[in-house]
Amino acid sequence: MTRPSIFENNIKVAPILLRRSSAKTMAPKQPNSGLSVGLNKGHIVTKKELAPRPSNRKGKTSKRVHFARSLIREVAGFAPYEKRITELLKVGKDKRALKVAKRKLGTHKRAKKKREEMSSALRKMRAAGGGEKKK
């Protein structure tokens, strides 16, 4: 009698069995030697040059989208929570700024990105203003 596969019959599988180990990686494959035996066995062939796949562009903003977002930012300005983050960054409370951003945006990763975005905007404002101070 053969044993059923763990993937058949909707049997619940421990997550550890499905997890791939990313810690161990194999050594890069050596080029084929042209012999039919040995570690590098196989016929010698020239690799085919493949065109880049559309999935390689994932996450990159186009010129048009970048322009539209920058225009909206210029017209609408910052949201109230973004203004609060910039104020916290001005007084040097980076950790508090991160906490505020995390509370508003939901994840640590998004919060770090927003804090970096606000600090770069602050740097640009300081560079454009020439270090002006309020009296």
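Would you mind calculating the gained length between V37 and S55 on full extension (0.36 nm times residue separation, minus the Cα-Cα distance), in nm to one decimal?
Working: separation 18, 0.36 × 18 = 6.48 nm, distance 3.75 nm.
Separation in residues times 0.36 nm, less the Cα-Cα distance, equals 2.7 nm.
With a ≥ b ≥ c the root eigenvalues of the C-alpha gyration tensor of the range 54-135, is it rounded (a/c under 1.5), prolate (a/b larger than b/c) or oblate? Walk me through the numbers before you get to the answer.
Values: a/c = 2.21, a/b = 1.31, b/c = 1.69.
Because a/c hits 1.5 or more and a/b fails to exceed b/c, the range 54-135 counts as oblate.
At 0.36 nm per residue, and after removing the present C-alpha to C-alpha distance, how many nm does the segment from A27 to R103 gain when stretched out fully?
On the way: separation 76, 0.36 × 76 = 27.36 nm, distance 4.34 nm.
Full-extension gain reported as 23.0 nm.
From the phi angles alone, apply the Karplus equation (6.51, -1.76, 1.60; θ = phi - 60°) to the range 49-65 and give each ³J(HN,Hα) in whole Hz, x where the residue is Gly or Pro.
6, 9, 5, x, 7, x, 5, 5, 8, 4, x, 8, 7, 6, 4, 5, 5
Since every read-out is calculated from the coordinates, none of them should be taken as a lab result. Given the structure is predicted, the values throughout are model-derived calculations rather than measurements.
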